[in-house]
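See structure below.
The values are calculated or read from the model by the stated rules, or taken from the named source; none is laboratory data. Being a predicted model, the structure only gives us computed values, none of them experimental. Because the Cβ atoms are built from the backbone with ideal geometry, glycine has one as well, and the counts that use them run over all protein chains shown.
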Amino acid sequence: MTNASPATTSPATIATLIGSPGCGSAVIEMALALTGLPHVVEDLPYLEPGAGRDRLLALNPTGKVPVLLLPPVVTGGAPVVMTESAAMILHLADMAGPAGARLAPEPSSSHRPAFLRWLLFLVAEIYPNITIAEHADHLAVPADTIAAFQAAMAARRDDLWRMMAAEAGSPWFLGERFSAIDLYLAVMSGWAGGRARFAATVPELGRIADAARGVPQVAAVLARHGDPDEVPDDAGATQGTTSGETA
């Protein structure tokens, strides 16, 4: 269920996902769809001043999405607020019982160490590279050096993707084991230059991202989000990047 205004939950709802169209909250929306956990999705314009932005800031002072609202600890209390998408993935995998294996290998699985390593690599190394470059004009970067700064960040990002590609399996990142890493690739491959550039830079990861976009639940979420695919401008920078949220 999606809702552009504050979501109305039912007793069966175990999570409300606050996100924004075209943003990385799509990863958590996919995770919820894959596990079948009862949830609602509330879309907010995370950068647009107004009531939606105010609501987001009250929940997450960084002003970023996704935000996950979970049932209160005490009946009648305030919802439990989660930020940080990797934390959400691990929590949802735990909550979903056997279906959680679609997101994360069990602790006893031989895939678990690689899963944790590369999940955190995505959100701690690659994700900040995208968001910092995207918002360089809001940082203490001199205006006449922004283009050079963004180009340097893009080169570093390519190196990071290549490090990850060197460890990629097939048909999924963990080989025969599908995981949330494949969801991140499906979404992030369309950012910071777009899918064609991503596939040319890291064809191994491009193939995994394409395969993940073919999973019905993933395809449905991407369709709702407009399946963002950015293209570089003439100077090689990207236009309208859509990361803009908590990794």
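Quick one: would you say Pro107 is farther than 23 Å from Ala147 by Cα, surrounded by fewer than 20 Cβ atoms within 10 Å (Cβ to Cβ) and either of a type outside the set (S, T, N, Q) or under 15 Å from the mean Cα position of the chain (by Cα) (or both)? Against the criterion (farther than 23 Å from Ala147 by Cα, surrounded by fewer than 20 Cβ atoms within 10 Å (Cβ to Cβ) and either of a type outside the set (S, T, N, Q) or under 15 Å from the mean Cα position of the chain (by Cα) (or both)), Pro107 qualifies. Here Met188 passes the criteria (1) in contact with an Asp or Glu (Cβ under 8 Å, 6 or more places away or on another chain); (2) under 22 Å from His225 (Cβ atoms); (3) not hydroxyl-bearing (Ser, Thr, Tyr) except the one numbered (1).
Yes or no, residue by residue, for (1) surrounded by fewer than 14 Cβ atoms within 10 Å (Cβ to Cβ); (2) closer than 28 Å to Glu230 by Cβ; (3) modelled with pLDDT under 95:
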{"residue": "Gly52", "(1), (2), (3)": "no, yes, yes"}
{"residue": "Leu59", "(1), (2), (3)": "no, yes, no"}
{"residue": "Val74", "(1), (2), (3)": "yes, no, yes"}
{"residue": "Met82", "(1), (2), (3)": "no, yes, no"}
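Selection within region 1-47: residues that are among the hydrophobic types (A, V, I, L, M, F, W, C), at pLDDT 95 or above and over 16 Å from the mean Cα position of the chain (by Cα). The member of this set that is surrounded by the most Cβ atoms within 10 Å (Cβ to Cβ) is Ala15. Kindly provide the set of residues from region 163-189 that are in contact with a helix residue (DSSP H, G or I) (Cβ under 6 Å, 6 or more places away or on another chain) and among the charged types (D, E, K, R), ordered by number. Residue satisfying the conditions is Asp182 alone. Of the residues Ala86, Ala136, Ala93, Ala154, the single one that is farther than 23 Å from Leu34 by Cα, of a type in the set (Gly, Ala, Ser) and in contact (Cβ under 8 Å) with a residue 60 or more places away in the chain is Ala154.
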